[in-house]
1. Expressed in nm to one decimal, what extension gain is obtained for the pair Glu70 and Lys278 from 0.36 nm per residue of sequence separation less their Cα-Cα distance?
2. With both bridge residues required to lie in the chain, what share of the DSSP beta bridges run antiparallel, to the nearest 5%?
3. What does the charge add up to near Ala268, with Lys and Arg as +1, Asp and Glu as -1, over the other residues with Cβ less than 14 Å from its Cβ?
4. Find which of Tyr82, Phe109, His121 sits farthest along the positive direction of the dipole of the chain, computed with +1 on the beta-carbon of Lys and Arg, -1 on that of Asp and Glu, about the Cα centre.
5. Taking the Cα centre of region 43-172 as origin, work out the dipole magnitude from +1 charges on Lys and Arg Cβ and -1 charges on Asp and Glu Cβ, in debye rounded to 20.
6. Ranking Ile216, Ile55 by Cβ neighbours within 10 Å, fewest first, what do you get?
7. Could you state the number of Å between the C-alpha centres of region 1-67 and region 114-140?
8. Sort Thr95, Thr292 by Cβ crowding within 10 Å, fewest neighbours at the top.
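Rule-based calculations on the coordinates, nothing more; no lab input. These numbers were taken from a predicted model, which means no experiment stands behind them. So basically every Cβ, Gly included, is an ideal-geometry build from the backbone, and we count neighbours across all protein chains shown.
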Amino acid sequence: MLNQAVNILDGGMSREIEKRGAPFRQPEWSALALIETPEIVRDVHQAFITSGAQIVTTNSYALVPFHIGEERFHQEGQLLAYRAGDMARQAVQLTGNQAQVAGSLPPLFGSYRADLFDAEHVEEIATPIIEGLAPHVDLWLNETQSLIAEPTAIKSLLKKLGHADKPFWVSFTLEDELVAEVPALRSGESVAEAIKAMVEVGVDAILFNCCQPEVIEAALVVAKQTLVELGKADIPLGAYANAFAPQSKDAAANEELDEVRDDLTPPAYVQWAEKWQKVGASLIGGCCGIGTEHIAELSRHFSK
């Protein structure tokens, strides 16, 4: 599957389910559609595949206590994760496509909140999500990671649970401040440090997501240089930015429905993607606010 110059990921789920009339509110966020109208989630996956996505990501991002509450998580978390995987797999089958399903393993303690990471509770929260998704996914996508410690712990847990046979991709979210001299995660850890740590744990791809498109190119340059220095230049790199305004250091993703930037039209987003591809990205898609029309434009551009 991953044999083209650029492989196209899907875009953001939340705006697409909202467009189709799915229930959408805080604190459940995109999980509410999975709970009440899972067929709409399946429809969005289908729409992304039809638009050219070669990899679709399960709608399991909000299946954590932070969003659905402790009680629902402990009672239904694994079942909902299974449903998320099933909806993505059904979409692939219904389109007759060869798209792959990436199992979204989200930040367990809140988006952008590296300070809330709790190593003692990683297994308790991540296990139901992993076990629910496992029957349906082709690879693991540990996304929107703000610090090094969490994906390191998740990789170890996958091995413990017997699910380390699938490729393990990690996607970090970057500090949105455009003045930073050294590309950094939201934890303040440098991108170079993160790349070295991920090579040590044995990742199969490294990406950057849920941050401004403006900060990704520099991170990819550092990532590529670091991989070359480590003799691991064959590890694929990727990017999928969001369409939000820059987030401050004390912001938390999904606190409210953020406004989408007017300037990130599909053609404009392709221009950013071109820059990422030129510095080494071979996995490109979109995050929050990047819709099916953006993915269609990416697919057309990179299939020329």
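1. On the way: separation 208, 0.36 × 208 = 74.88 nm, distance 4.39 nm.
Gain in length upon complete extension: 70.5 nm.
2. 10
3. Numbers: positive: Arg261, Lys275; negative: Glu214, Asp262, Asp263, Glu274, Glu293, Glu297.
Taking every other residue near Ala268 into account, the sum is -4.
4. About the Cα centre, the residue reaching furthest to the positive side is Tyr82.
5. Working: 8 positive and 15 negative charges, 82 e Å.
Dipole of region 43-172, to the nearest 20 debye: 400 debye.
6. On the way: Ile216 26, Ile55 23.
Ordered from fewest to most neighbouring Cβ atoms within 10 Å, Ile216, Ile55 come out as Ile55, Ile216.
7. So the two Cα centres are separated by 18 Å.
8. Working: Thr95 16, Thr292 24.
Ranking Thr95, Thr292 by Cβ neighbours within 10 Å, fewest first, gives Thr95, Thr292.
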